[in-house]
Amino acid sequence: MNKLNAKIPDGPLTDKWTNHKAKLRLVNPANRRKLDIIVVGTGLAGSSAASTLGELGYNVKVFCYQDSPRRAHSVAAQGGINAAKNYKNDNDSIYRLFYDMIKGGDFRAREANVYRAAEVSNLVIDHYTALGVPFARDYGGLIENRSFGGVQVSRTFYAKGQTGQQCLIGAYSALSRQIEKGTVTIYPRREMMDLVVIDGKARGIITRNLITGEIERHSAHAVVLATGGYGTIYYLSTLALNSNGSAAWRAHKRGALFANPSFVQIHPTSIPVLNDHQCKLTLMSESLRNDGRVWVPKTKGDPRKPNEIPEDERDYYLERRYPAFGNLVPRDVASRAAKERCDAGYGVGPTGLSVYLDFRDAIQKKGRKYIEENYGNLFEMYEKITGESPYEVPMRIYPAGHYTMGGLWVDYNLMTTIPGLYAIGEANFSDHGANRLGASSLMQTSGDGYFILPYTIADYLADEIKTPKIPTSTPEFDAAEKEVKDRIEKLMSINGTETATSFHKRLGKIMWDYCGMVRNEEGLKKALTLLDELKDEFWKNLKVPDTVNELNQELEKANRVADFLELGKLMVYDALNRKESCGAHFREESQTETGEAKRDDENYSYVAAWEFTGDGKEPILHKEELKFEYVKLQERSYK
Ligand SMILES: Cc1cc2nc3c(=O)[nH]c(=O)nc-3n(C[C@H](O)[C@H](O)[C@H](O)COP(=O)(O)OP(=O)(O)OC[C@H]3O[C@@H](n4cnc5c(N)ncnc54)[C@H](O)[C@@H]3O)c2cc1C
């Protein structure tokens, strides 16, 4: 049985959202006060949704595991946020932003959703400006923008290299206002451990108080997951250390389908792995490719320092291979090109697993002051970590796990396959197909939270106005709480010898080696076996020190790694199923003569949405066919 109805409105692409909004039902202000909404997550998606729903008058409860909403991972976003303002008069438009995203995602995203994301992008920028976000300004006072990968116009708005931080401060201020007004209650240091489904509808969550260990019940008329991405499954990634996939995974196990789980973006410009004891990789924003030039020496294993290598002995391989886009090719293309050069023996640095990102020419042409103004904090960050100043020596960069295009399947209203459960921001799969273009995540997370979910959720809640407060004393809450407690007990009682971190590291290596930048059938099959073995070992030999009723970060990790072990397997099933290459999903068996991703539109033009069928059982695949009425499917070329 196909459970998927994307509910894409009829009518021309440009009118779908306008017409749909006009038909969505409203909840009158007096009734809103009687309705409870849980929002899990306080990144740009969660904060924007919670503050907007609070302002509308609903009773909102918002959860995060950090001590402050302001520490959500969104704070790390550096380079910028897209909007189709056409401020540079370079012929940008909503259609062009839509087209760039569809093409960038290698034609594996839903047209209607992507068009809407582009449409609301302009509202998002206006809203953040109104909230006081200090975007860079141009001479005339308009907010300034710059180019990002995969596009030929300038549409990325930014606040130095701190765009996420500044936007989150804006979103957090608005959230704080609602907390002060009493429409939003904030629950920091809480981890959602499970979703409670009653009579088929999402009705609440079970949380663990991370300070006291207490297991708590929270009910609502609807639940919104804004819990971010799961790129940390690779252990080493550009994400915040605590980012994880558990909330989405628990929802999946309760019935929410998981879409395109293997679509993971590997970002081309991370600081390379320096040693075996690292737990995190640091991103160098894509914005740097506006002025930095990527190269490797033309001679394999060239022992000279970069500044000693003359111009004609440098291979600016992105400019050579992709003359139209040069250093601004999309991330998946840039990542694979770096890997290709390093695998061929041209990589630089102690491990040979890095390439240069060089600002010499930009400093000469535009001056050091310009570079400082635009990228100063990124340069400082790089120097602090590596001990080298990018003003003097080229940066060394290498691809790293970054962003998950996959996530909970949602329909056009951002509702999952569980009625009353919504997923927004990076937690859903909706807008980026098989590869996300830079600066379009902040745009999507904020668009979802400010301008889409608040309208669509009302349509669902309009049927709930007669439903009284949901009690937490139901058998469903009892059962979910018991399962959570039993699992914690089990994790604590294994008492083996290996830490959760150690298991995570081993898991990350399997995922990186077999389900990372390139994949093939043999490797993926091997990964299935390795993941089963690792999971067995985990449940036999895990060591969680200390006790349950206190702050216990080892327990938190163990809980998340246990879920990652299962989610990893779903990613592998998904990657195995999709025998084509598309976007970031590169199946070695499916490539063009020049080594580019080769799609198979006839057989794989669909969203793969997976149904959980029980622990240890194979998931069931549901397909949402993708129809392209407004763009012509073509080979994605940046040449
Ligand atoms: C280094 C870096 C730089 C980036 N730069 C850019 C950029 O310049 N432009 C761009 O568009 N995108 C960028 N991205 C991507 C972008 O930052 C993210 O996709 C986006 O911020 C995700 O926002 P979100 O609100 O969906 O989730 P997040 O910001 O990840 O927030 C998740 C929230 O969910 C909460 N949470 C999660 N699980 C649970 C649970 N079980 N219980 C309770 N709470 C939970 C967390 O506490 C947190 O509050 C970057 C990503 C990285 C890693």
Order of 422-430, 569-577 by packing, highest average Cβ count within 10 Å first? 422-430, 569-577
On Cα atoms only, tilt of 521-541 relative to the major axis of the chain in degrees: 50
Please turn the phi angles of region 78-84 into ³J(HN,Hα) values with the Karplus equation 6.51 cos²θ - 1.76 cosθ + 1.60 (θ = phi - 60°), one per residue in order, whole Hz, x for glycine and proline. 9, x, x, 9, 7, 7, 8
Is it possible to state the helix-based mean residue ellipticity at 222 nm for the chain, with each DSSP H run of 4+ residues giving -39500 (n - 2.57), the sum divided by total residues, to the nearest 500 deg cm²/dmol? What is it? -11500 deg cm²/dmol
Using θ = phi - 60° and the Karplus relation 6.51 cos²θ - 1.76 cosθ + 1.60, list the HN-Hα couplings for region 278-283 in order, rounded to whole Hz, with x at every Gly or Pro. 6, 10, 7, 10, 9, 6
Taking the chain as the reference, fit the longest principal axis to its C-alpha atoms, fit the long axis of helix 553-577 to the helix C-alpha atoms, and give the angle between the two in degrees, 0 to 90, nearest 10. 70
Step by step: find N for region 140-291, compute 2.2 N^0.38 Å, then divide the Cα radius of gyration by it. What's the final number? 1.31
Mean separation of Cα contacts under 8 Å (at least 6 apart) over the residue count of region 1-129, i.e. the relative contact order in percent, is 20
Give me a comma-separated list of calculated 3J(HN,Hα) values for region 412-418, in order, Karplus coefficients 6.51, -1.76, 1.60 applied at θ = phi - 60°, integers in Hz, x for any Gly or Pro. 4, 8, 6, 8, 6, 7, 9
Under 5 Å between amide H atoms, partner at least 5 residues away or on a different chain: which partners does Phe263 have, H built in plane at 1.01 Å? Gly406
Note on region 268-401: alpha-carbon gyration tensor, axes a ≥ b ≥ c; rule is a/c under 1.5 for rounded, else prolate if a/b larger than b/c, else oblate; result rounded
Which entries of Lys21/Lys623; Lys490/Lys535; Lys525/Lys569; Lys300/Lys366; Lys88/Lys160 have Cα-Cα distances beyond 21 Å here? Lys21/Lys623; Lys300/Lys366
Tell me the Rg and the Dmax, in Å, that the Cα atoms of region 475-601 produce. 18.3, 59
Counting just the Cα atoms, what span does the chain cover along each of its three principal axes? Round to the nearest Å and put the largest first. 74, 60, 48
Shape call, region 540-639: gyration tensor on alpha carbons, a/c limit 1.5: prolate
Can you give the relative contact order of the chain as a percent, counting alpha carbon pairs under 8 Å and 6+ residues apart? 21
Taking placed amide H atoms and a strict 5 Å upper bound, the residues 5 or more places from Leu626 or on another chain that come that close are Tyr606, Val607
Relative packing of 400-412, 99-111, which averages over residues the other C-beta atoms within 10 Å, highest first: 400-412, 99-111
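Quick note: the coordinates plus some simple rules give every number you see, no bench work behind them. What you see is a predicted model; the values in this text were computed from it and never measured. Here Cβ is always computed from backbone atoms with ideal geometry, including for glycine, and neighbour counts include all displayed protein chains.
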